[in-house]
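Enquirer: Take a look at the following structure, please.
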Amino acid sequence: MPGGRRIFSRIQSGNPYASGKGSGTSGSHGPEDRDGNIVPLASMVVLPKHSQLPDIPGDGNLYFECMLFVFGIIMMCLQYINLYKTVWWLPQSHAQYALNFYLIDFHLVGLISLVLAARFLICFVQEVHSSKIFFWFVQGVKGILVLSAIIGLIFTSYKVILEHGLKTCLFLCYPLKIYWLENVHKRRRPNFGFGFMAETEKLTFRLNLIKLWVLTESLIKILDDAPLGHTCTLTPDIVREEVDILKKDFNSRLKQVLFNSLTTSFYATGVPVWFSQNAHSNCDACWNTLYYDSLWMWQHVCLTWLSAVLMLTCHFLPPHYLHLLHKSARHLGRWQRMEARHAHVPYNAWSELQVWPQGALVKHVRGLFKAEGINVTAEPGNSLHSRFYLLFHQPMRVMNWLVFLTCLVVGYQFFCLVQSSEWSHVVSLALLMFCNFYTLFKLMRDWFVMGKVYKDHDYGLSN
């Protein structure tokens, strides 16, 4: 068919992987033609080359958890400053201090501090070890700290409930609701007729709910448990299995980052605002009226959440982890769906055991696809494989996004700082910028090192 030959010449004219037998046919698509194309396609498959990243120092788990705890405490104090600030310098002012301390519920402050310190305490118990000489002493210190935290949590919770009422204190359980909704989504799977499956899932969910804060240890130890690795191989099954493992690990890290950042901003900045104006539990007509700038309060909440997201992302998506995802994406490749008008182009039947080079045309049940990448082991039409390749085949893509977002947040804070005239706003933005400067420093250092390594390395393909 002349039209088919013309289309084939336009697509495959620059393809070095097309076989001579396939290009000389008159539009025939018999088994002999397809079999003739497989041999040269397979012979042109090469193993991708990977660059080597140097050892980039990072923060240890205990040090990072300590910084995140201090960050949460600072944000909480800044929110209380925004809420209870005074104008003590005016001659007509009756305030003697910078804050109205008598309006602050210190039991609530203690409760928030203990909740923010939970992850740091868990990390301390897991990370701190000693020799045999001081083993029992260290274990005793850990036990005392854990027991003190539990007693303090129970005592402060009891006092807050007495002061504000149980109905108001249910606001503190919103993170538990988020965790519950996430688990309900996971549990919506058929039980295949086994009656005991529902009870087993309920029991598992209750245990997970009780251990909500203990489960944060999975975030703390996620870099240590079952260390991930990359295998340079031309076996498609191994590559796809590795990509599935990395995809699940990346999604788990991302959900942990989002959940813990929301928890930090919720307790550090949202809870003080919620409990700042409410009726006393023993007097429904007695309101603790407080006037504040609502827009500034919620801006502080959002900036705290963004800062926590950047801190957690910078720690749990380090350069070597991004490099690992990039190497797997280079082995995975991607299939580009071809239009229906290319249906007469000679193609190969897709095989899950075949590694396809760049430019190869295959026929799948989902349509006609063209290979993109050095090697392609992905499944045609698989959206998960396509998203993984799109996100990580460019080695600097994720790092560029992080650096851009951090610079955007810091730039916005600096702009607000220049425009601010109230002392509470200046202190709030200055300390928040100081916390973000450290994150920006680490990201810029990693961005510079990774950019230099990838720029000097010749991939042989502009990806």
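Enquirer: Please work out the C-alpha center-to-center distance from the stretch 116-162 to the stretch 362-380 and express it in whole Å.
Expert: 54
Enquirer: Compute the distance in nm between two label points, each set 7 Å from the Cα along the Cα-to-Cβ direction, one at residue 96 and one at residue 438.
Expert: For the pair residue 96/residue 438, the computed spacing is 3.6 nm.
Enquirer: Ok, one more. In terms of modelled amide H atoms, which long-range or inter-chain residues lie less than 5 Å from the amide H of residue 359?
Expert: Under 5 Å from the amide H of residue 359 lie the amide H atoms of 371, 372, 373, each far enough along the sequence or on another chain.
Enquirer: Step through the residues of the stretch 429-437 one at a time and calculate ³J(HN,Hα) from phi using the Karplus curve (6.51 cos²θ - 1.76 cosθ + 1.60, θ = phi - 60°), rounding each to whole Hz and writing x for Gly and Pro.
Expert: Residue by residue, the stretch 429-437 yields 5, 5, 5, 5, 5, 4, 5, 6, 5 Hz.
Enquirer: Taking θ = phi - 60°, what integer Hz values does the Karplus form 6.51 cos²θ - 1.76 cosθ + 1.60 yield along the stretch 125-132, in sequence order, with x for Gly and Pro?
Expert: Each residue's phi maps through the Karplus curve to give 5, 7, 8, 7, 10, 8, 6, 5 Hz.
Enquirer: Then there is this: Find how many whole Å separate the alpha carbon centroid of the stretch 61-91 from the alpha carbon centroid of the stretch 405-426.
Expert: Centre-to-centre distance over Cα atoms comes out at 16 Å.
Enquirer: Using mean Cβ contacts within 10 Å as the protection proxy, how do 160-172, 373-385 order, highest first?
Expert: Details: 160-172: 16.1, 373-385: 20.4.
The most tightly packed comes first, giving 373-385, 160-172.
Enquirer: Continuing with the same structure: To the nearest 0.05, how large is the calculated FRET efficiency for residue 88 and residue 166 if R₀ is 35 Å and r is the Cβ-Cβ distance? It would help to have the intermediate numbers written out before the result.
Expert: Working: r = 36 Å, r/R0 = 1.03.
Plugging the Cβ-Cβ distance into 1/(1 + (r/R0)^6) gives 0.45.
Enquirer: Stretched out fully, how many nm does the piece from residue 254 to residue 70 gain, at 0.36 nm a residue minus the Cα gap?
Expert: Values: separation 184, 0.36 × 184 = 66.24 nm, distance 2.23 nm.
Once the chain is fully extended between residue 254 and residue 70, it gains 64.0 nm.
Enquirer: How much length, in nm to one decimal, is gained on full extension between residue 352 and residue 404, taken as 0.36 nm per residue of separation minus their Cα-Cα distance? Show your work: numbers first, answer last.
Expert: On the way: separation 52, 0.36 × 52 = 18.72 nm, distance 3.88 nm.
Additional length available on full extension: 14.8 nm.
Enquirer: Determine the alpha carbon to alpha carbon distance for each of 49/442; 327/452; 159/255; 49/363; 327/455 and list only those over 22 Å. Walk me through the intermediate numbers first.
Expert: On the way: 49/442 27 Å; 327/452 17 Å; 159/255 33 Å; 49/363 28 Å; 327/455 16 Å.
Pairs exceeding the cut-off: 49/442; 159/255; 49/363.
Enquirer: Residue by residue through the stretch 300-306, which ³J(HN,Hα) values in whole Hz follow from phi under the Karplus form 6.51 cos²θ - 1.76 cosθ + 1.60 (θ = phi - 60°), with glycine and proline marked x?
Expert: Residue by residue, the stretch 300-306 yields 5, 5, 5, 5, 5, 5, 4 Hz.
Enquirer: Cβ neighbours within 10 Å, averaged per peptide: list 240-248, 327-335 in order, most packed at the top. Display every interim value, and only then the final one.
Expert: Numbers: 240-248: 16.8, 327-335: 24.7.
For the peptides 240-248, 327-335, the packing ranking is 327-335, 240-248.
Enquirer: While we're here: Just read off the accessible area of residue 266 with the full protein assembly in place, 1.4 Å probe, to the nearest 10 Å².
Expert: Estimated to the nearest 10 Å², residue 266 gives 40 Å².
Enquirer: Please express the Cα-Cα pair-distance distribution P(r) of the stretch 89-172 as a list of whole percents, one per 5 Å bin, running from 0 to the bin with the greatest distance.
Expert: All Cα pairs considered, the percentages come to 3, 12, 16, 15, 12, 11, 10, 9, 6, 4, 2, 1, 0.
Enquirer: Compute, for the stretch 320-463, the length of the dipole vector about the Cα centre, with Cβ point charges of +1 (Lys, Arg) and -1 (Asp, Glu) only. Units Debye, rounded to 20. Each step should come with its number before you reach the end.
Expert: Working: 14 positive and 8 negative charges, 68 e Å.
Dipole about the Cα centre, nearest 20: 320 debye.
Enquirer: Taking the highest mean first, how do the peptides 84-92, 56-64, 295-303 order by number of other beta carbon atoms within 10 angstrom per residue?
Expert: On the way: 84-92: 11.9, 56-64: 15.0, 295-303: 16.7.
Highest to lowest by the protection proxy: 295-303, 56-64, 84-92.
The values are calculated or read from the model by the stated rules, or taken from the named source; none is laboratory data. Just so it is clear, the model here is predicted, and its values are computed rather than measured. No Cβ is skipped: glycine too gets one built from the backbone with ideal geometry, and neighbour counts run over all protein chains shown. For the accessible areas, the whole protein counts, side chains as well, though only heavy atoms, and no ligand, DNA or RNA atoms are used. Shrake-Rupley method; radii C 1.70, N 1.55, O 1.52, S 1.80 Å.
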